[in-house]
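Structure record follows, encoded as structure tokens.
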Amino acid sequence: MVNNQSNSNNPRLNYDYRRKKNAEGMRIQVATFTLMIFFTVVSFVAVAADFSKWFVVPFILLLAVVQVGFQLYYFMHMSEKGHEAPSLFMWSGVTIAFVTVLAFMTIIWW
Amino acid sequence: MKDRLTKWRLLSVFAVLALALSGCGEPFLSTLKPAGDVAKQQYNLMILSTVIMVTVIAVVTVIFVLAITRFRRKKGDENKIPKQVEGSHLLEIIWTVIPIILLLILAVPTVTATFDQANVKDMDKKPKKDGTRDALVVNVRANLYWWEFEYPDYKVMTSQELVVPTDQKVYFNLKASDVKHSFWIPAAGGKMDTNTDNVNKFWLKFDSDKSEEAGNLFYGKCAELCGPSHALMDFKVETKSQDDFKQWISTMQSAKPAAPTDTAAVEGQKLFEQNCLSCHATSPDDSRPEQARLAPNLATFGERSRIAGILDHNEEELKNWIRDPEKYKPGNKMTGTYKQLNEQELDQLAAYLMSLKVEEQ
Amino acid sequence: MQAEEKFTPQTWPESPEKATLEGKNKFLGFWLFLGGETVLFASLFATYIALKDKVPSPDHMLAKDLFELPLVFVMTMLLLTSSLTSVYSMYHMKNYNFKKMQLWMLITVILGLGFLACEFYEFHHYYTEYNHTFTSSAFGSAFYTLTGFHGAHVIFGLVWMILLMVRNAGRGLSLYNAPKFYLASLYWHFIDVVWVFIFTVVYLMGMVG
Amino acid sequence: MSTIAQKRGFASTVWDYLTTVDHKKIAILYLIAGGIFFLMGGVEAMMIRAQLAVPNNDFVSAGLFNELLTMHGTTMIFLAAMPLLLAFMNAIMPLQIGARDVAFPFVNALGFWLFFFGGLFLNLSWFLGGAPDAGWTSYASLSLASEGHGIDFYALGLQISGFGTLMGGINFLVTIINMRAPGMTYMRMPLFTWTTFVASALILFAFPPLTASIFMLTFDRMFGANFFNVAAGGNTIIWEHFFWIFGHPEVYILILPAFGIFSEIFSTFSRKRLFGYSSMVFATVLIGFLGFMVWAHHMFTVGLGPVANAIFAVATMAIAVPTGIKIFNWLLTIWGGSIKFTVPMLYAVAFIPSFVAGGVTGVMQAVAPADYQYHDSYFIVAHFHYVIVGGVVFALLAGTHFYWPKMFGTMLSEKIGKFTFVFFFIGFHLTFFVQHFLGLMGMPRRVWTFLPGQGLDTGNLVSSIGAAFMAVGVISLLINVVITSVKNERVGNDPWEDGRTLEWAISSPAPFYNFKQLPLVRGLDAYWLEKMEGKTTLTPAEPIGDIHMPNSSFVPFVISLGLFIAAFGAMYHVDDKAWALPVLIGGLVITFGAMIYRSLKDDHGFHIHKEELMEENDDKGVKA
Ligand code: HEA
Ligand code: HEA
Ligand code: CUA
Ligand SMILES: [Cu+2]
């Protein structure tokens, strides 16, 4: 099966490598975090600066989507292997969520 | 040659189906006896889809019957192991493609008809200088368990009985004042919900010949569960030729308040004014705001075909109704809102109410 | 691999949360649950969007008049940072460093509490200053239900993490509790995901109009 | 045996079931509870038909009628059909994939008890001031206007049982993804497992919108919120959307497992592998997906506008294609087979024309302008009983006969079974066929009575007579169950003799650890493959070893009980009862307390040791 743990039968050999890999991963996480903070600030600034509504709304929505992508794929490790089923189901959920929101924005108008 | 044969066959299927179906139901109620453009268009769609569906069922049934008769396990076959077939691409393509084609045939008229029947542009065309428009518009308001019909361009109002001209599009504004109901005149066309949130719009048309067949009186129903008396929330539709309709409108517009001469009716009027007038109006140009119109307008009550939409129209039933409306329409909003009445008072009220007429005034 | 086994940093498996069958099941089950939660929150968002600024009379406060960006910004920063600290916590879990894991989880909890405090202040403010309540309008109902459901998730997440920390304080890491810590941290991230949309859709878009 | 010993035996059996986490016992609990609810829903249906047998009838009052029809629909869908399907999923699916257990035995038990207490709560409404009366759809304007506590019972009861169903769904998904035996690839899974998988995914995504909207209804009715209160800016159409975003997938949640059961039965009693297995799988997934894109076909008359109506009309029609693929695959499965007409097979065979008739009327309703006529008329009632009774209920009856030996170790009488079938089948068509015409002739649904002189009298009478036939059928099934249980003639592993999948390779009923050794699966229809090679047992994938089992627990019962209690508090809180708030809080404390207890207390389960397994020298499990 796909998501079996890989190399626990020879731990010592892997130990240093894994430590390094984890630290490397952590660095990426921090970088992701910095970007997320940056996006958030940009969003707030865009709203505070009072730009046109037609620019701001799609813009901050886009930033939100990217940020959530970061959360899911880096913080929640969905980019790593062993997450096939989780991503299938998250994406299905997102599809249905999208259809629902779309419907409520278009066919409830009074 | 073969082609013509299949065509002929198809046609006869249509004909037989249409015949069989139209044998069903009463002309004043049945969707199978369409009495207007909308109902007719819907009926045609029903027939088209039924033909497709009957074909599908026939195909399935034939394969099915052949399979279960030919392949039953017979004596001596107890140990036979049939060939284990995995599948067949060709067959699968066939039974994917054919349904798709059938559905396309169905989808095209569906979409056309959907847009056609939702076309109410004429309704919103600018009113003429005098405030009226060419299109005939009726505002329908559904209430726990009664219907109000207002002709906004003519300042005329009726309840329980809708009057419409034939051979002309009638546009409707639909809404509900308490809970959701649904406005349905099966013989004239499909239903549309009366929501509490918004006004819905659609149109119907009544065919003069078909109306005549139905006795110029169609049955209307509430088609959305709305409480205990949902089943009894009926209304009637009276059809008139366009000239008669114009006539009717002007009579309604000029209707004078009833002035009964009969003594019982005079007494009845007094009683009515004391007990009932707070809810019921007796003139067709009721100018009170909507929220104050708590009960059916009774201006034409003497000319109705039913009492409260369901009871036979005679004094006996009228007295029964006033005596105990709860018995006839559980959960109605009239019960217990007026004083206890004795038999004499009931007679007087009945006499008065029956004298409320506009056309034969 | 047995749940009760004792480990050293060297023998500690690479993905401790998925090393046992129980862990693997929990891991997957929880993700599926989050898939369902996505739809749940989408429903609440959809409702909010449909009912935004729907009030019975003009004297009611609308989104534009109500929200204050500075407070929302602080809340966002608190929650975002707590997401990072919980990543740290899991980093140490993978390295079999129980103490540091607990420490970072504690920081996460404190940040979460800070967020909650702000939210309470915010709601209180609306109630008392603007008379914008759960029952005052459809807008109010939709607003408090969306943000309140999120807030309830925060509370639940906090209680969960605190219980985990207390319960396992004396026991150290094992394959029995590693999945539990991991799931709590996933949950916490998900709360942040929802918040990203709340601050965007509710607050920022509310200000834009 | 002395009476005392017997009594203790009884009490310990009850305790065993109250605390069990064994999926096979939970299956039996679902079967019993769902069966009882089915009888209740059936009795309600009989009362509906009795009232409508003749015009102007007053067998029941208008108010009671609305309660009956609401409770009939709600009970049948939520408390009968779905739980009964869950019963078979629990009983069979883990065996079919060669698993020792489900992924979350504890959650599985919790799911059952939540469903049970939710259903109990809902039905207590009959005794506590009136049942819900706004239809199973509970449209918001009416459900807010409805007096008394009926709708509160509906909202809280469905909320609780909905949580249970959701948990069941997640549990099955994880079980199927993670716990398959070696060699059981996705494309070797029996169709019933596949349909369980897709139906569970539908549960996962369809229930949250219901949960959300029921919360809104609860808040509106009990806590002063204004979601659906138009006067305060609310909007009732929101409820309609949510109900159908849930409601349409729900009907596929019901029918897909039914399809799965029939797939097993067709191939078993035709002695042929399923024709077009991979396209069957594909069609199942496609139906599940499309199921989420069509909900507004229940709202054609709401006034969403021609664009929305046209889109949803065409999308709805599309579902006919994958469903048709399935129908023809079944036909080709029996084609060329060696068909044995056992009772399960009779239902399966009868299902095809019945369901197709119901399905095609569904497509007719998808024609939006025509649906303006059908909607909320008896035509709709006819459509959905054709698909539900002719599809789901037939599958449940077929499954009951088919899997009875695997669940109880005895065989239901084929003779009585055929009697049941004949009466139920005839009754079903009598009842519902005429309803198409009643609808077309202008009879709205949900009517308490109808007036004479509208041409509706004969049709309604015929329909009511048919319903009585169905009742005879159901009663004969009950008799069959009693007789079979009393006789208690045990059967072997493969009582139908043509079993193809793993569950038929182990004893009936299966041992509590299912498989002594996990089997090695070498293809589709694993057991059939072994049999064709002349073996009677499966090839093991592992040597005999210790088996890890979960401990029984009373906690699921307590968690559910807490919510049950809290629901009373929430409901009577509206009446300003002083005790209501404490009860609400108390109930929640019980629930959360039990949850905390559960998470603080370590529960590592126990092991069945190798030696004990070796001693059992019977034919249970896999032999080495
Ligand atoms: C198990 C339950 C179940 C199932 C499987 C279905 C299946 C379908 N249903 Fe049904 N439906 C209900 C249960 C179900 N339904 C219920 C309970 C309601 C009423 C709810 C309420 O209001 O209370 C309802 C109501 C309902 C409506 C709303 C009507 C209204 O209220 O106005 C519509 C409209 O489109 C509809 C359509 C369909 C369609 C297109 C299918 C399709 O999936 C059917 C597909 C199957 C076939 C088509 C047959 C086999 C196919 C072939 C042999 C291939 C060839 C076929 C063609 C080319 C046509 N259903
Ligand atoms: C799974 C779903 C399901 C099932 C199986 C059934 C089964 C049946 N249903 Fe119904 N039905 C619905 C789901 C279902 N229904 C829904 C969702 C509605 C819509 C509700 C609404 O509008 O809100 C509805 C509505 C509905 C109506 C329309 C009511 C109205 O609009 O006014 C009618 C009327 O004929 C009806 C009849 C029947 C009948 C005769 C059966 C029969 O098949 C029942 C067969 C069962 C039995 C015959 C059991 C008999 C048992 C005994 C005799 C007991 C013996 C007892 C002991 C020994 C204890 N149902
Ligand atoms: Cu009004 Cu039903
Ligand atoms: Cu549907």
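Kirkwood Rh, Cα Rg: Rg to Rh for segment C:140-209?
With Rg and the Kirkwood Rh in hand, the quotient comes to 1.16.
Indicate the gyration tensor shape class of segment D:46-128 (rounded, prolate or oblate), computed on the Cα atoms with a ≥ b ≥ c the square roots of the eigenvalues: a/c under 1.5 is rounded; otherwise a/b larger than b/c is prolate and the rest oblate.
The shape class here is oblate.
Going down the table (B:LYS75/D:LYS516; A:LYS81/C:LYS180; A:LYS20/C:LYS6; C:LYS180/D:LYS406; D:LYS406/D:LYS610; B:LYS205/C:LYS52), which pairs top 29 Å between alpha carbons?
B:LYS75/D:LYS516; C:LYS180/D:LYS406; B:LYS205/C:LYS52
Dipole size in debye (nearest 20) for the protein assembly as shown around its Cα centre, Lys and Arg Cβ +1, Asp and Glu Cβ -1?
The calculation lands at about 4120 debye.
Pick out which of C:GLU37, C:GLU119, C:GLU17 has the largest mean-square fluctuation in a Gaussian network model of chain C, springs linking Cα atoms closer than 10 Å.
For chain C, modelled as a Gaussian network with Cα springs under 10 Å, the answer is C:GLU37.
Using Cα positions and a limit of under 19 Å, work out the lysines in reach of B:LYS256, with same-chain residues fewer than 8 apart set aside.
B:LYS155, B:LYS246, B:LYS270, B:LYS357
Principal axes first, then extents: for the Cα atoms of chain D, list largest minus smallest coordinate on each axis, whole Å, largest first.
Computed over the Cα atoms, the extents are 71, 62, 52 Å.
Take the alpha carbon atoms of segment D:81-132, find their center, do the same for segment D:515-531, and report the distance between the two centers in whole angstrom.
Answer, in whole Å: 29.
Leaving out same-chain residues fewer than 8 places away, which aspartates and glutamates sit with a Cα under 18 Å from that of B:LYS201?
B:ASP37, B:ASP116, B:ASP122, B:ASP124, B:ASP134, B:GLU148, B:GLU150, B:ASP153, B:ASP193, B:GLU224, D:ASP371
Suppose R0 equals 60 Å; then what is the FRET efficiency for B:THR61 and B:GLU213 from their Cβ-Cβ distance, rounded to the nearest 0.05?
Working from the Cβ atoms, E equals 0.95.
Give the relative contact order (percent, whole number) for segment B:124-361; include only Cα pairs under 8 Å separated by 6+ residues.
Once normalised by length, the contact order is 20 percent.
If you average the C-alpha positions of segment B:239-312 and of segment C:77-133 separately, how far apart do those two centres end up, in angstrom?
Comparing the Cα centres of segment B:239-312 and segment C:77-133, I get a distance of 69 Å.
On a 23 Å Cα-Cα criterion, which of the cross-link pairs B:LYS83/D:LYS531; D:LYS326/D:LYS531; B:LYS33/B:LYS180; D:LYS25/D:LYS415 come out too long?
D:LYS326/D:LYS531; B:LYS33/B:LYS180; D:LYS25/D:LYS415
Okay, helix-only estimate at 222 nm for chain C: each DSSP H run of n ≥ 4 adds -39500 (n - 2.57), divide by all residues, round to 500 deg cm²/dmol; what do you get?
-24000 deg cm²/dmol
Need one number: nm distance between label points at B:GLN291 and D:PHE512, each 7 Å from Cα along Cα→Cβ, rounded to one decimal.
6.7
With everything on Cα atoms, drop me the angle between helix D:236-270 and the longest principal axis of chain D, reported from 0 to 90° to the nearest 10.
Tilt of helix D:236-270: around 40 degrees.
Just name one of C:GLY172, C:ILE191, C:HIS153: the one whose Cα is farthest towards the positive end of the charge dipole of chain C (beta-carbon charges, Lys/Arg +1, Asp/Glu -1).
C:GLY172
Compute the convex hull volume of the Cα atoms of segment D:526-594, divide it by the residue count, and report the result per residue in Å³ as a whole number.
146
Only Cα pairs under 8 Å and at least 6 apart count here; give the relative contact order of segment C:75-177 as a rounded whole percent.
Over segment C:75-177, the number comes to 26 percent.
State whether segment D:486-624 is rounded, prolate or oblate according to the following rule on the C-alpha gyration tensor (a ≥ b ≥ c being the square roots of its eigenvalues): a/c under 1.5 gives rounded; otherwise a/b larger than b/c gives prolate, and the remaining case gives oblate.
Verdict is prolate for segment D:486-624.
In a GNM of chain B with a 10 Å cut-off on Cα contacts, which of B:GLU78, B:GLU345, B:GLU316 has the highest mean-square fluctuation?
B:GLU78
Suppose R0 equals 41 Å; then what is the FRET efficiency for D:LYS577 and A:LYS53 from their Cβ-Cβ distance, rounded to the nearest 0.05?
0.25
Can you compute the FRET efficiency between B:PHE115 and D:LYS610 using 1/(1 + (r/R0)^6), with r the Cβ-Cβ distance and R0 = 60 Å? Round to the nearest 0.05.
Computed FRET efficiency for B:PHE115 and D:LYS610: 0.25.
Can you tell me how chain A classifies by the Cα gyration tensor, rounded, prolate or oblate, using a/c under 1.5 as the rounded cut?
Oblate shape, in that a/c is at least 1.5 and b/c is the bigger or equal ratio.
Return one number: the angle in degrees, 0 to 90 and rounded to the nearest 10, between the long axis of the Cα atoms of helix D:394-408 and the longest principal axis of the Cα atoms of chain D.
So the inclination is approximately 30 degrees.
Given the -39500 (n - 2.57) contribution per DSSP H run of 4+ residues, what per-residue ellipticity at 222 nm results for chain D, rounded to the nearest 500 deg cm²/dmol?
Taken over chain D, the calculation gives -22000 deg cm²/dmol.
Pop a pseudo-label 7 angstrom from the Cα along the beta-carbon direction at both C:ALA169 and B:LYS327 and give the gap in nm to one decimal.
7.6
Applying the Karplus parametrisation 6.51 cos²θ - 1.76 cosθ + 1.60 with θ = phi - 60° to the phi angles of segment D:455-472, what ³J(HN,Hα) value in whole Hz is obtained for each residue in order, glycine and proline being reported as x?
Per-residue couplings from phi come out as x, 10, 5, 4, x, 5, 5, 4, 4, 5, 4, x, 4, 4, 4, 4, 4, 4 Hz.
Under 5 Å between amide H atoms, partner at least 5 residues away or on a different chain: which partners does D:GLY135 have, H built in plane at 1.01 Å?
Amide H neighbours of D:GLY135, under 5 Å, 5+ apart: D:THR70.
Using each residue's phi in segment D:595-603, evaluate 6.51 cos²θ - 1.76 cosθ + 1.60 at θ = phi - 60° and report the 3J(HN,Hα) Karplus result to the nearest Hz, with x for Gly and Pro.
With the stated coefficients, segment D:595-603 comes to 5, 5, 3, 4, 7, 7, 7, 6, 9 Hz.
Mind listing the phi-derived Karplus ³J(HN,Hα) values for segment B:285-294, rounded to whole Hz, using 6.51, -1.76 and 1.60 with θ = phi - 60°, and x for any glycine or proline?
10, 3, 9, 5, x, 3, 5, 8, 7, 8
For D:MET93, D:MET222, D:MET571, D:MET187, which order do you get if you count the other beta carbons within 10 Å of each Cβ and list the fewest first?
Starting with the residue having the fewest Cβ neighbours, the order is D:MET187, D:MET222, D:MET571, D:MET93.
Pull up all non-local amide H partners of B:LYS240: gap of 5 or more, or a different chain, and H-to-H distance under 5 Å with H placed in the peptide plane.
Amide H neighbours of B:LYS240, under 5 Å, 5+ apart: B:VAL164, B:THR166.
With helices defined as uninterrupted DSSP H runs, which ones in chain B have an alpha carbon span along their own long axis of at least 20 Å and mean Kyte-Doolittle hydropathy of at least -1.0?
Qualifying helices, which must be both long enough and hydrophobic enough, are B:2-22, B:37-70, B:89-117.
What's the angle, to the nearest 10 degrees (0 to 90), between helix D:320-334's Cα axis and the longest principal axis of chain D?
40
Relative contact order for chain D: what percent, with Cα pairs under 8 Å and sequence separation of 6 or more?
Averaging sequence separation for qualifying contacts and normalising by length gives 16 percent for chain D.
What nm distance separates the two modelled labels at D:LEU39 and D:SER12, each placed 7 Å from Cα along Cα→Cβ?
If labels sit at D:LEU39 and D:SER12, their model points lie 2.8 nm apart.
Per q in 0.09, 0.13 1/Å, what log10 I(q)/I(0) does a Debye calculation on the alpha-carbon atoms of segment B:124-361 return?
-0.37, -0.79
What is the set of long-range amide H partners of B:HIS181 at a cut-off below 5 Å, with H atoms built 1.01 Å from backbone N?
When sequence neighbours closer than 5 places are left aside, the close amide H contacts are B:THR194.
Which whole-angstrom value gives the distance between the alpha carbon centres of segment B:95-128 and segment D:146-189?
39
How big is the Cα convex hull of the protein assembly as shown in projection, averaged over all directions, in nm²?
If I average the Cα hull's projected area over directions, I get 55.5 nm².
Here, each number is a calculation from the coordinates, and none is a lab measurement. Note that the structure is a prediction, hence the values are computed from the model and not measured. Note that each Cβ is placed from the backbone with ideal geometry, even for glycine, and that neighbours are counted across all protein chains shown.
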